[in-house]
């Protein structure tokens with residue numbers, strides 16, 4: 001696909017400086033782009049590249065533009081957003097189809113324009129909404145529901161049994177049947193090899209617009225609120241409710257049976273061990289506390305041996321002072 | 001399936017209060033249950049729902065029963081256990097079959113009534129015991145052995161090569177062949193996308209009744225003792241031996257070549273960095289120490305900046321006192 | 001396969017003590033080996049077994065040899081390396097083939113002697129180099145490139161979309177198309193269920209000889225330098241560059257957009273939160289600091305309540321001293 005700079009400017013609503021007739025055929029990073037490629041500049045940090053790039057065109061934010069830049073430019077308000085919009089024009093999505101290498105149970109309900117790749121398993125009475133994409137080797141267990149415009153990356157597992165066992169008198173465990181399902185609402189993206197367990201009863205629920213990264217664990221009866229984003233390798237224990245618009249880092253752990261308020265931000269590798277009741281907090285640490293307080297504590301932490309040494313020294317000094325009193 | 005309250009009471013050994021002829025057809029949570037559903041009450045925390053639920057029947061523990069509850073009740077000693085037992089009657093397990101969409105090596109030995117779902121891979125000379133269930137997209141490498149009544153959830157990998165490399169003189173690594181296998185004994189459940197590596201020589205062993213949650217890493221030559229349960233995303237390094245009846249939280253890490261005594265409990269996100277020799281300890285932290293000691297340390301941790309400030313203040317005060325001595 | 005001790009000695013370059021005609025047919029651990037098996041002894045810790053083992057032959061390091069050992073021996077310089085070399089002779093690798101149960105896109109380019117197991121997915125225009133092994137249920141997305149002699153373990157996902165979203169004005173997220181790919185160079189091993197995301201633009205790059213363990217997350221636009229080894233469940237955030245010859249423990253997290261110098265060692269469960277500029281450092285902790293400093297801090301950490309108590313005591317003592325001054 002070749003497209004002229006003028007056409008791109010119309011598409012993303014920008015102003016051309018340079019040769020608007022020049023054509024480009026793919027996007028590239030500013031330090032790697034060639035004459036038939038288009039790139040972007042949204043961050044002052046990369047400004048130097050604007051003077052040396054071989055790119056056929058730079059989409060750049062108005063405040064970064066300088067007349068000395070000799071490359072063709074499209075000037076926009078927000079280069080990052082404009083370029084992200086442009087990238088969609090360079091995508092060649094495959095036509096939706098249901099691979100005959102996928103297993104789809106006859107009782108499953110598959111919406112319109114759904115793309116199901118090879119080696120997918122979709123169980124009994126599962127439902128997949130319109131325009132969703134199910135990548136290879138995804139497993140969707142029986143009775144689970146996936147909304148419209150969802151993307152499920154390779155290896156994701158939806159609806160495996162929750163981890164529920166009752167101890168028996170002889171020290172073994174008895175499996176508690178997991179009879180619920182998983183409901184994933186519209187516009188969600190589920191990362192590669194992420195696991196979402198079915199509820200014991202009722203549903204594990206992923207609300208509209210949630211984005212989960214790779215290798216995340218979502219236990220039974222969890223609920224994740226609308227437009228919450230969670231980075232890779234985070235784990236959420238059973239029955240915990242995460243509010244809407246949370247932003248959660250990677251490798252975070254949540255204990256079970258807690259509620260986290262909307263608009264909470266959790267720093268990577270933290271452990272959330274109790275309810276978060278107030279909206280909009282930023283938390284960090286194990287257990288998670290106010291992020292600023294935690295950062296200050298980490299600074300002291302690394303000098304703990306020095307702090308301990310000072311305390312020992314103070315003890316000696318005080319002992320000397322006390323002795324001094326007695327002897328003086 | 002419809003079943004009367006009287007029949008259920010006979011099944012789980014309870015006493016009916018209310019209309020024993022009333023029929024229910026599925027289980028539900030107490031706050032969501034309808035008139036044709038049965039629910040349970042085992043925790044005082046949810047007692048209020050007992051007065052407002054629409055459930056056709058509540059299975060509840062004797063000590064929680066109150067005459068003011070107007071819903072039909074079945075009174076039992078332990079409502080949680082009784083209801084868990086009842087849930088099995090509402091399950092409709094699919095008839096066991098070996099999907100022709102699964103790959104089973106001709107030399108593999110598959111027991112009676114084994115259910116193998118589509119997209120499973122079972123390698124050369126692998127063995128699957130009677131009554132086991134292998135969910136979709138599971139991989140069982142050559143020579144691995146799975147016992148009877150095991151459940152392997154989707155995407156689990158059994159018998160991938162252990163992570164063993166010997167450095168070479170030119171700074172690269174030479175792969176150490178991994179010639180052993182994995183043995184999973186009877187009555188184990190292995191979570192979705194959990195990985196158990198084959199031994200270098202000998203076997204990685206998961207003993208009878210072990211329950212592993214999702215996304216767990218078990219390295220080569222590890223042994224996990226009978227009836228140990230491990231929550232999601234925990235990792236166990238090579239050659240470590242976990243004793244029987246351990247209860248291990250999520251996101252825990254174990255270094256290699258250590259032994260952990262029976263009946264140990266490890267709190268989530270801990271790091272076990274050395275042998276645990278005494279039975280029945282409860283540990284937490286990185287590195288893991290006594291759980292109570294760790295909790296006390298976390299309380300001080302969050303106030304470390306304040307502690308450091310106090311020490312600086314004490315230093316000044318002592319300096320003043322010393323100066324005072326000299327000047328007085 | 002039976003092989004005489006004399007033949008093995010020739011193969012690994014060692015000296016026979018005992019019956020060189022004796023034949024063995026498989027390797028085993030020293031404490032489990034039988035008369036038709038060969039074992040090794042490289043560590044003084046296991047020396048006692050050398051006197052009691054039933055093994056048909058022990059490969060052992062020269063400095064561990066003692067005349068009192070009655071078992072047949074092959075004496076070598078480095079028993080570990082020699083035995084590792086020997087193990088390859090006991091392997092029976094399956095002949096390379098492309099399973100007709102795998103999906104390989106017609107436009108994919110597959111090298112010579114590549115072994116592709118059942119249930120693998122290889123997308124449009126993907127490239128697999130000569131002599132690589134792709135185990136079951138691996139997904140390689142379109143346009144990704146795998147080098148020669150690579151091993152991809154079961155369930156690995158190569159080329160899933162990077163986790164990139166731009167917030168919209170209504171509080172939702174807009175997907176940023178991920179148009180790049182993943183390049184895995186020669187001689188890499190990728191663990192089971194490990195995920196490597198495609199770049200937004202350009203490539204996520206795994207350099208020659210890198211070894212990744214299971215369940216690792218590699219985000220978009222990451223680069224991992226040559227001969228770096230990473231243990232299980234570690235996560236690397238977007239655009240971070242890991243230098244060559246790093247040795248990284250399990251469950252480590254890296255923030256995005258940082259560079260880590262060559263020859264860095266990172267202890268398990270650490271969090272690398274900023275650039276590592278100097279080569280050859282050993283780091284540990286959250287955030288990661290010098291490993292010795294961190295270990296000293298952990299020692300103080302567990303006694304923090306005691307430290308806090310001492311500070312309170314000092315405060316009281318000083319108060320008494322001050323009061324004493326005023327009253328004396």
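Any read-out appearing in this document is the output of simple, stated calculations on the displayed coordinates, not a laboratory observation. These numbers come from a predicted model, not from an experiment. Neighbour counts are summed over all protein chains in view; Cβ atoms, including those assigned to glycine, are modelled from backbone coordinates with ideal geometry.
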**Q.** Shape category assigned to chain A from the gyration tensor of Cα positions, a/c cut at 1.5
**A.** oblate
(Q) So, R0 is 60 Å and r is the distance between the beta-carbons of residue A:94 and residue B:169; what FRET efficiency does that work out to, to 0.05? (A) 0.80
Q.
I need the peptides B:20-29, A:117-126, A:135-144 ranked by packing, meaning the mean over residues of other C-beta atoms within 10 angstrom, with the highest value on top.
A. A:135-144, A:117-126, B:20-29
Q: Could you work out, residue by residue across A:61-74, how many beta carbons of other chains sit within 10 Å of that residue's beta carbon, and then give the average as an integer?
A: 0
Q: For the stretch B:185-206 and the stretch C:109-141, compute the distance between their C-alpha centroids and round to whole Å.
A: 26
Q | Shielding by partners, peptide B:19-29 (average Cβ within 10 angstrom, other chains) | A | 2
Q) What is the mean number of Cβ atoms from other protein chains located within 10 Å of the Cβ atom of each residue in peptide A:127-137, rounded to a whole number? A) 3
Q: Please order C:207, C:309 by the number of other Cβ within 10 Å, starting at the fewest.
A: C:309, C:207
Q) How would you order B:181-187, C:104-110, A:216-222 from highest to lowest mean count of nearby Cβ atoms within 10 Å? A) A:216-222, B:181-187, C:104-110
**Q.** Highest-first arrangement of B:315-324, B:261-270, where packing means the average Cβ count within 10 Å
**A.** B:261-270, B:315-324
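If you average the sequence gap of Cα pairs under 8 Å that are 6 or more apart and divide by the length of the stretch C:103-291, what percent do you get for the contact order?
11
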Q | Pairwise FRET efficiency - residue B:315 versus residue B:130, Cβ, R0 = 60 Å, nearest 0.05 | A | 0.25
Q.
Tell me whether the stretch A:106-190 comes out rounded, prolate or oblate; compute the Cα gyration tensor, take square roots of the eigenvalues as a ≥ b ≥ c, and use a/c under 1.5 as the rounded threshold.
A. prolate
Q) Once the Cα gyration tensor of the protein assembly as shown is diagonalised, what are the square roots of 5 times its eigenvalues, in whole Å and ordered largest first, as equivalent ellipsoid semi-axes? A) 41, 39, 39
Q: Would you work out if the stretch B:103-291 is rounded, prolate or oblate? Take a ≥ b ≥ c from the square roots of the eigenvalues of the alpha-carbon gyration tensor; rounded if a/c is under 1.5, else prolate when a/b is larger than b/c, oblate otherwise.
A: oblate
Q) Which distances, shortest first and in nm, link residue C:124 to the matching position in the other copies, using label points set 7 Å out along Cα to C-beta? A) 3.7, 3.7
Q) Over the stretch C:3-90, what is the mean sequence separation of C-alpha contacts under 8 Å (at least six apart), divided by residue count, expressed as relative contact order in percent? A) 29
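So what is the relative contact order of chain A, in percent, for Cα pairs below 8 Å that sit 6 or more residues apart?
Working: 896 pairs, mean separation 21.8, N = 328.
The value is 7 percent.
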